[in-house]
Amino acid sequence: MENADVFLGLHDFLERMRQPSAADFVKSIKSFIVSFTNNAPDPERDSAAVQDFFSRMEIDFRAHPLWAGCSEEELDSAGEGLEKYVMTKLFPRVFASLPDDVKLDEQLYEKMALVQQFIRPENLDIKPTFQNETSWLLAQKELQKINMYKAPRDKLVCILNCCKVINNLLMNASVASNENPPGADEFLPVLIYVTLKANPPQLHSNLLYIQRYRRQSRLVGEASYFFTNMLSVESFISNIDAIAISLDESEYDKNMETARALLSGLSTDLDGQYTQSSPFAGYVHRSESMETRHQPPNANKDPAAQSKSSETKSRGKKIPNAKDNSPYSKIPSLSDLENKGAAVLVNNDQVGQVFQEYPYLFANVGDLSINDVEDLLNNYKQLAFKYVCLSKGLGVTAPSLPYNLHTEFHQHTETVKQQERSRAVEQNNEMSNDTDKEDDGLKEPLIDVENLESRLSQDRAAAPQNGSHEESSQ
């Protein structure tokens, strides 16, 4: 069922809840949510309570005049709407509700962040025929969307889309190379690799959330198969060691230490000066610069103490130029940082890994499709924002883009905004025709329909552009 269908299903569900005859349903749903949130978190009890509530409500739907004569698809859509609404309300209470789950999330995220720095497809015995890291970025992107949603089904769909991308790529590769169709032995290693590279935050809690609160009668077939594979991936990554990825113990430990050093960022010594291994080597620490800059000339009234303090601060530091004796430390320019970074890249044997997060860097015009425009625009905005923040943080001026590029960017942005506004107006007109009905039997609506539909519209906009945000089940 496509994401848009679920959106319409929820809209239909909410419309039925606005009817006077649905007053008992409204009362039951509100009562359940209130009583549930008043209890302390207990995952096993909470999961059982939610599953039991969904089961009873779906039975009541079938027997109620509101759904008289409805098809199985419409009844199934009502169940999806109920699940989406209830779990959106309960999400802050049930997601990562225990300290142990939060701790496991952090440990898993840190381990993936380390291992992804050095792991290669060969470490997981992925055949060269099936290696396609550029296309795997699409699968990573789908998996990284998992935290954009609150409903269990929507989170599950992110996993299914990721798995389907991988499965399709493997099938295409097998056909192109005249090999046998790939099975679990080919699929699971690729899913492990993609998950490591994607490193979605709170993966452990997301899987538990789906497992506990996705309607069990719908977690079957293909959905169950792919989700079980993802549980296996989590277990594998949690227990990764040298043997698991075909490395010597010493090599594995060395790679992990190197990755830790890389992720630790810029380290400083006891004097507050950057180490020689840092790209900022030779520059005074930023905090010391700010402290000196904002210190009043007569801040220290004791000349002896002032002299001693100056001597202590200057001990062991070489003044590069006698003329440069101002209290301001030298701040590296963006060009300095770029030159240092370029020097590092030149000597980097794995420079391809550095750019793997930028799939369009080496693309040609003919490689792009219309669906890539929005992704490129978002990437451009993020890059520009980070670059300007960096320049402002360093106190230097960022080079301006050519005027025509600015103009084209703003024109494209305004075009996109205008299209979005037009679509929003059309949607609001359609919804207002359906939702602006008098409801004499309900003094208080079940939900603020407009606010929820606005949020769901955002979810729908964040779904894959080709409408592939779907879940298949038997």
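Restricted to helices (runs of 4 or more DSSP H) entirely inside region 58-153, those with at least 3 residues that are in contact (Cβ under 8 Å) with a residue 12 or more places away in the chain and farther than 30 Å from residue 196 by Cβ are 72-94. Between a residue in region 249-262 that is surrounded by 11 or more Cβ atoms within 10 Å (Cβ to Cβ) and any residue that is part of a helix (DSSP H, G or I) and modelled with pLDDT of 90 or more, which pairs come within a Cβ distance under 6 Å, given they are 6 or more apart or on different chains? Every condition considered, the pairs that remain are 256/114; 259/114. Residues in region 124-146 include none that are of a type in the set (Lys, Arg), crowded, with 19+ Cβ neighbours inside 10 Å and assigned by TED's automatic domain parsing to the domain that holds residue 15.
Is region 98-111 home to any residue that is farther than 30 Å from residue 253 by Cα and surrounded by fewer than 17 Cβ atoms within 10 Å (Cβ to Cβ)? Within region 98-111 (the criterion being farther than 30 Å from residue 253 by Cα and surrounded by fewer than 17 Cβ atoms within 10 Å (Cβ to Cβ)), the answer is yes, since at least one residue qualifies. Being more than 28 Å from residue 51 (Cβ to Cβ) and modelled with pLDDT of 95 or more holds for only one residue in 207, 170, and it is 170.
Candidates in region 20-69 are the residues that are over 30 Å from the mean Cα position of the chain (by Cα) and aromatic (Phe, Trp, Tyr); of these, the one that is nearest to residue 90 (Cα to Cα) is 32. Of everything listed in (1) assigned to a loop (DSSP other than H, G, I, E, B); (2) more than 23 Å from the chain's Cα centre (by Cα); (3) in contact (Cβ under 8 Å) with a residue 24 or more places away in the chain, the single unmet condition for residue 201 is (2). Confirm whether residue 47 is small (Gly, Ala, Ser), more than 26 Å from residue 243 (Cβ to Cβ) and modelled with pLDDT of 95 or more. So residue 47 fits the description; yes. In this structure, residue 179 qualifies as touching a residue at least 12 places away in the same chain (Cβ under 8 Å), assigned to a loop (DSSP other than H, G, I, E, B) and either out of contact with any strand residue (DSSP E or B) (no Cβ under 7 Å at 6 or more places or on another chain) or polar (S, T, N, Q) (or both). Restricting 78, 48, 63, 96 to residues that are closer than 28 Å to residue 20 by Cβ and out of contact with any Lys or Arg (no Cβ under 8 Å at 6 or more places or on another chain) narrows the list to 63. Of all the numbered requirements in (1) out of contact with any strand residue (DSSP E or B) (no Cβ under 8 Å at 6 or more places or on another chain); (2) crowded, with 17+ Cβ neighbours inside 10 Å; (3) of a type in the set (Val, Ile, Thr), residue 157 misses one, and that requirement is (1).
Taken over region 82-100, the criterion of being modelled with pLDDT of 95 or more and among the basic types (Lys, Arg) is satisfied by 89, 93. Screening residue 79 on (1) surrounded by 19 or more Cβ atoms within 10 Å (Cβ to Cβ); (2) modelled with pLDDT of 95 or more shows it passes everything except condition (2). Of all residues in region 160-208, those that are crowded, with 21+ Cβ neighbours inside 10 Å and among the hydroxyl-bearing types (Ser, Thr, Tyr) total 2.
The values are calculated or read from the model by the stated rules, or taken from the named source; none is laboratory data. On a predicted model such as this, the values are computed, not experimentally measured, just so you know. Virtual Cβ from ideal backbone geometry, glycine too; neighbours counted across all protein chains shown.
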